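Reading through the structure tokens given below for one structure.
The values are calculated or read from the model by the stated rules, or taken from the named source; none is laboratory data. Keep in mind that this is a model prediction, so the values were computed, not measured. Counting neighbours? That spans all protein chains shown, and the Cβs are built from the backbone with ideal geometry, glycine included. We work out accessible area using only protein heavy atoms, side chains counted, and drop any ligands, DNA or RNA first. Shrake-Rupley method; radii C 1.70, N 1.55, O 1.52, S 1.80 Å.
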Amino acid sequence: EAQVTQNPRYLITVTGKKLTVTCSQNMNHEYMSWYRQDPGLGLRQIYYSMNVEVTDKGDVPEGYKVSRKEKRNFPLILESPSPNQTSLYFCASATGRWNEQFFGPGTRLTVL
Amino acid sequence: AQSVAQPEDQVNVAEGNPLTVKCTYSVSGNPYLFWYVQYPNRGLQFLLKYITGDNLVKGSYGFEAEFNKSQTSFHLKKPSALVSDSALYFCAVRDQGNTGKLIFGQGTTLQVKP
């Protein structure tokens with residue numbers, strides 16, 4: 001089944017404790033992206049990647065890092081999480097940046 | 001700046017009645033428009049898109065959307081609503097730059113009552 005998977009689905013952590021949210025797609029998509037969803041703000045792009053080893057900042061990149069060492073994986077790294085990063089995170093992928101994006105199931109992160 | 005507006009936080013319809021979820025956009029140039037649906041505790045699912053061509057776009061689960069350039073609107077419609085259509089609906093426009101990002105509206109909660 002073609003899909004985007006994210007792990008973990010739910011995470012509660014404390015301020016300053018490094019964490020990684022994994023994202024993997026099995027559709028051989030070149031384009032991948034991370035969004036965060038907050039009430040009243042819709043979804044906002046954090047980082048995106050056009051292809052392996054090509055990443056760039058979205059609208060809200062502060063406090064996040066990403067890497068794209070393999071085509072299928074696009075992990076989101078929070079080096080020192082803070083409470084304002086409590087949010088619902090979505091990974092998405094597409095065949096190219098102009099095509100419809102397929103979203104993962106989301107990761108609900110709470111930073112205490 | 002590019003933007004998408006969904007003027008209604010919530011839309012309530014009775015099962016079997018037609019539904020409309022409104023969306024207006026503001027972009028320079030030709031818009032690439034999308035509708036997504038989000039069910040509770042699930043990711044966003046693609047419903048349909050408008051790139052070019054026919055102004056009436058048909059999508060998944062019996063949904064369709066009408067692109068109106070003069071009114072800068074892209075309203076989502078369905079002739080006969082189902083209770084299972086109850087969900088959060090997002091309209092989005094592709095950013096005109098090179099980021100590939102989707103610019104989302106705030107979302108509209110659709111409640112279909114039996």
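The residues of the range A:1-64 have, on average, 52 Å² of accessible surface per residue, using a 1.4 Å probe with all protein chains present. Over the C-alpha atoms of the range A:23-87, the Rg to Rh ratio, Rh being the Kirkwood estimate, stands at 0.98.
Computed from the alpha carbon atoms alone, the convex hull of the protein assembly as shown holds 123 Å³ per residue. For B:ALA5 and B:ASN98, a Förster radius of 22 Å and the Cβ-Cβ distance give a FRET efficiency of 0.35, rounded to the nearest 0.05.
The share of accessible area on the protein assembly as shown that comes from carbon and sulfur is 49 percent, using a 1.4 angstrom probe. The contact residues of the range B:94-112, meaning those that lose at least 30 Å² of 1.4 Å-probe accessible area when all protein chains sit together rather than their chain alone, are B:ARG94, B:ASN98, B:THR99, B:GLY100, B:LYS101, B:LEU102, B:PHE104, B:GLN106. Taking amide H as placed 1.01 Å from N in the peptide plane, the amide H of B:GLN106 sits under 5 Å from that of B:GLN6, each at least 5 places away or on another chain. Computed over every Cα-Cα pair of the range B:20-59 and binned at 10 Å starting from 0, the pair-distance distribution P(r) comes out as 23, 51, 23, 3 percent. Solvent-accessible area lost on pairing B with A (1.4 Å probe, both sides summed) amounts to about 1800 Å². Evaluating kT/(6 pi eta Rh) at 37 °C and 0.692 mPa s, with the Kirkwood radius of chain B over Cα pairs in the Stokes-Einstein relation, gives 232 µm² s⁻¹. Of all aspartates and glutamates in the structure, the ones whose alpha carbon falls short of 16 Å from that of B:LYS113, not counting any fewer than 8 places away in one chain, are B:GLU15, B:ASP85. A 1.4 Å probe run over the protein chains yields, for the range B:6-114, 46 Å² of accessible area per residue, whole-number rounding. The residues A:ILE12, A:ILE46, sorted by heavy-atom accessible surface at 1.4 Å with ligands and nucleic acids left out, run A:ILE12, A:ILE46 from largest to smallest. Convex hull of alpha carbon positions in the range B:63-108: directionally averaged projected area 4.3 nm². Residue-wise HN-Hα couplings along the range B:21-31, as the Karplus relation 6.51 cos²θ - 1.76 cosθ + 1.60 with θ = phi - 60° gives them from phi, are 10, 8, 8, 10, 9, 9, 9, 9, x, 7, x Hz; Gly and Pro carry x.
With 30 Å as the limit on Cα-Cα distance, the pairs of A:LYS71/B:LYS22; A:LYS18/B:LYS22; A:LYS18/A:LYS71; A:LYS57/B:LYS77; A:LYS18/A:LYS57 that go past it are A:LYS71/B:LYS22; A:LYS18/B:LYS22; A:LYS57/B:LYS77.
All distinct Cα pairs of chain A go into the 1/r average, and the inverse of that average, the Kirkwood radius, is 13.8 Å. Model label sites at A:MET27 and B:LEU56, defined 7 Å from Cα along the beta-carbon direction, differ in position by 2.8 nm.
For the range A:1-106, chymotrypsin sites (Phe, Trp or Tyr not before Pro) are listed when DSSP marks them as loop and at most 14 other Cβ atoms sit within 10 Å of their Cβ; the list is A:TRP98.
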